[in-house]
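> First the structure, then my questions, so here it is.
The values are calculated or read from the model by the stated rules, or taken from the named source; none is laboratory data. Keep in mind that what you see is a predicted model, and the values were worked out from it rather than measured. We place every Cβ from the backbone using ideal geometry, glycine too, and count neighbours over all the protein chains shown.
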Amino acid sequence: MAKTMKAITISSPGAAPQVTNNLIIPEPGEGQILVRSIYTAINPGDSIMAETGAMVKSWPFSPGCDAGGIVVSAGSNAVSPLGKPFAEGERVFGCTRLGTPGHSPWGEYFLMDSRVTIPVPPKLTLAEASALGVGLLTASEGVFSCLGVPLPTSTPTPTYTSTVSGANEPDRAWALVLGGASSVGFAAVQLLLASGLHVVTTCSERSAPLLQERGVSCISYRLGQEDLISRVMIITHGKVRYVFDAVGLNHDLVGLLVDVVERHAETDGGAEAKYAPQVAFTTTNAFAPLPIASNLTAKAIQLGPIGRPEPEAKTLNEALAGYIPVLYRLLDSGKVVVGPYRLEEQGVEGILGAWNVQKSGKVAGKIVVKVTEK
Ligand SMILES: NC(=O)c1ccc[n+]([C@@H]2O[C@H](COP(=O)([O-])OP(=O)(O)OC[C@H]3O[C@@H](n4cnc5c(N)ncnc54)[C@H](OP(=O)(O)O)[C@@H]3O)[C@@H](O)[C@H]2O)c1
C-alpha cells in the first residue's frame, strides 16, 4: 500500500483549500480503524471550522467529517458498538474526530474511533450512509441525551395527562422540531417518532411533503413568531413537552412558546394545572444564549468532541456508543431513512466544487461526493 495520499488541506483560518498529493497515510492506534474514503458529505460545520479555526487541533487542517468508507485495517481492540471486532472490507459510516490530523474523509484514507463508528446496515448503500452520519449522531445526542427522551426500545412512551376531555386518559406528548427538513432535523423527527411521540415541525413548502409522508404536521418557518406559536398550540392542543431546534435559530421563539404553554396549562384545568408543565429544549446552536424559564430545561448539543480521548469527551462517547445499536436497528428496519441527498462531482478534487455548491445554499438536501473507487 502507498505511504502517501491525496487530501484537501487548508493552511490557516480562511485560506483557500488546496489539493495535496503527499499527506502521510495514518496508522490505526488502539481502538481505531483505517478507512478508505468512498463517499463523504459536506456539512455547514466544515465551513465554520475552515473559516474560524474552531475545534481545529493543528494546521494545515483537513475539513470534512461525514464519512462512508471501507475498513482497510484495524488497530488492537477496534470493536464496533455492536460488539464485534471491525474487519477488513467492512462498510462503516459516521462522524470522524473533528479538526484532528489523519481523521478527515476529505483524504483518500482516514482514521475512525471504533467505539463511535457505525457499521452500515445491509439496507443502506455507502452513499446513503455518508449522507446520514453526522445528522443522525447529532440528532441522537439531542433527542436522547439533551431532551432525555427514552430510547425507543427500553421504556414506555412519554405521556401527558389531562382531564380536559373528561376521561383523564394518558395521551402521547408532542415534540416540536424547528427545521425538520435539515439533515439534523429530519433525523430528529424520525427518532422522536420512533420513541412514540407526536411530532410537529417547521419547514418550507418545498420540504413539507417529505415530512408529511411520515405523518408529521408542518408549519411554515416563514410565519411570524406569534402566528407560528399559535399554529403549534392548535396542532398540539398545548401538549408540547419537547422542543428540538435543529437549525439553532429559534431560541427567542422557544422562550415565548414555553410561556404560552404554561398559561395554556393553567386554563386547561387538567392534572398539570397546578404545576407548570416542564418543557425540555435542545438546540444545535451551542454559541447563542439559551432561553431561561422556570418550566424549561435547556441544553445545547455538542457533538464536537466525538471520538476524542480527553476525559471531557467520555460522557459523549459512551452515550453515542449506547445509541448506535439502537440507530442500527432503526435503520435496518426502515424506521429511520436517509433524507434527500445529491451526488455532486468526483474524486478528492471534486470535493472543492461540491463544497461550493453546498455553500451556495441553492440545493436542498445533503451534497455527497464519491471520493475514491473501492
Ligand atoms: N452543535 C452540534 O454539535 C452540531 C452538530 C451538527 C450540526 N450542527 C449545526 O446544526 C445546524 C443544522 O445542520 P444541518 O447539517 O442539519 O443543516 P442543513 O441540512 O444544511 O440544513 C439546511 C435546511 O435547513 C432548513 N432551514 C433553513 N432555515 C430555516 C429556518 N429558519 N427554520 C427552519 N428550517 C430552516 C432548510 O429547509 P427547507 O428545505 O425547509 O427550507 C434547509 O434545507 C447547522 O447550523 C450546523 O452547523 C451543530
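> For the list (1) touching a residue at least 40 places away in the same chain (Cβ under 8 Å); (2) part of a loop (DSSP other than H, G, I, E, B), I need the number of the one condition that Ile33 fails.
(2)
> Shifting gears a bit: With (1) within 10 Å of the ligand (Cβ to nearest atom); (2) surrounded by 21 or more Cβ atoms within 10 Å (Cβ to Cβ) as the list, and Tyr242 as the residue in question, which single condition is left unmet?
(1)
> Could you please let me know if Leu98 is within 16 Å of the ligand (Cβ to nearest atom), assigned to a loop (DSSP other than H, G, I, E, B), among the aliphatic types (A, V, I, L, M) and in contact (Cβ under 8 Å) with a residue 60 or more places away in the chain? Let's see the steps before the verdict.
Working: within 16 Å of the ligand (Cβ to nearest atom): yes; assigned to a loop (DSSP other than H, G, I, E, B): yes; among the aliphatic types (A, V, I, L, M): yes; in contact (Cβ under 8 Å) with a residue 60 or more places away in the chain: yes.
Yes, satisfied.
> With the condition kept exactly as written, say whether any residue in the stretch 158-178 is closer than 20 Å to Gly45 by Cβ and modelled with pLDDT of 50 or more. First the steps, then the outcome.
Step one: filter the stretch 158-178 for residues closer than 20 Å to Gly45 by Cβ, giving 177-178.
Checking which are modelled with pLDDT of 50 or more leaves us with 177-178.
Within the stretch 158-178, one or more residues are closer than 20 Å to Gly45 by Cβ and modelled with pLDDT of 50 or more.
> Return the pair list, or none, for Cβ contacts closer than 9 Å from residues in the stretch 65-81 that are surrounded by fewer than 23 Cβ atoms within 10 Å (Cβ to Cβ) to residues that are aromatic (Phe, Trp, Tyr) and not in a loop (DSSP other than H, G, I, E, B), at least 6 apart or on different chains.
Final answer for the pair search is Val72/Tyr109; Pro81/Tyr323; Pro81/Tyr328.
> Could you identify the single residue in Gln358, Gln346 that is polar (S, T, N, Q) and surrounded by 16 or more Cβ atoms within 10 Å (Cβ to Cβ)? Break it down into steps so the answer makes sense when it comes.
Values: Gln346 fails: surrounded by 16 or more Cβ atoms within 10 Å (Cβ to Cβ).
So the residue among Gln358, Gln346 that is polar (S, T, N, Q) and surrounded by 16 or more Cβ atoms within 10 Å (Cβ to Cβ) is Gln358.
> Here is a further query. Looking at the stretch 207-243, which of its residues are within 21 Å of the chain's Cα centre (by Cα) and touching a residue at least 60 places away in the same chain (Cβ under 8 Å)?
Ser207, Leu210, Arg241, Tyr242, Val243
> Something else now. Kindly indicate which of Gly64, Gly14, Gly69, Gly31 is within 16 Å of the ligand (Cβ to nearest atom) and within 26 Å of the chain's Cα centre (by Cα). Write out each step before concluding.
Working: Gly14 fails: within 16 Å of the ligand (Cβ to nearest atom); Gly69 fails: within 16 Å of the ligand (Cβ to nearest atom); Gly31 fails: within 16 Å of the ligand (Cβ to nearest atom).
When all the criteria are applied, what remains is Gly64.
> Which numbered condition trips up Leu256, out of (1) without any contact (Cβ under 8 Å) to a residue 24 or more places away in the chain; (2) of a type in the set (A, V, I, L, M); (3) surrounded by fewer than 20 Cβ atoms within 10 Å (Cβ to Cβ)?
Looking at each condition in turn, Leu256 falls short on (1).
> Next up: Kindly provide the set of residues from the stretch 189-207 that are part of a helix (DSSP H, G or I), surrounded by 23 or more Cβ atoms within 10 Å (Cβ to Cβ) and within 9 Å of the ligand (Cβ to nearest atom), ordered by number.
To start, the set of residues in the stretch 189-207 that are part of a helix (DSSP H, G or I) comprises 189-194, 205-207.
So of that shortlist, the ones also surrounded by 23 or more Cβ atoms within 10 Å (Cβ to Cβ) come out as 189-192, 207.
Passing the criteria: only Ser207.
> Return the residues of the stretch 104-126 that are of a type outside the set (A, V, I, L, M), part of a loop (DSSP other than H, G, I, E, B) and either under 17 Å from the mean Cα position of the chain (by Cα) or within 17 Å of Asp46 (Cα to Cα) (or both); say none if nothing qualifies.
At the first step, the residues of the stretch 104-126 found to be of a type outside the set (A, V, I, L, M) are 104-110, 113-115, 117, 119, 121-123, 125.
Cutting the leftovers down to part of a loop (DSSP other than H, G, I, E, B) gives us 104-106, 108, 117, 121-123, 125.
Result: Ser104, Pro105, Trp106, Thr117.
> Please find, among Ala50, Ala67, the residue that is assigned to a strand (DSSP E or B) and at pLDDT 95 or above. Step through it out loud before you land on a result.
Numbers: Ala50 fails: assigned to a strand (DSSP E or B).
The conditions single out Ala67.
> Which ones in the stretch 114-135 are charged (D, E, K, R) and more than 16 Å from the ligand (Cβ to nearest atom)? Spell out how you get there, then give the answer.
First, pick out the residues of the stretch 114-135 that are charged (D, E, K, R): 115, 123, 128.
Residues satisfying the conditions are Arg115, Lys123.
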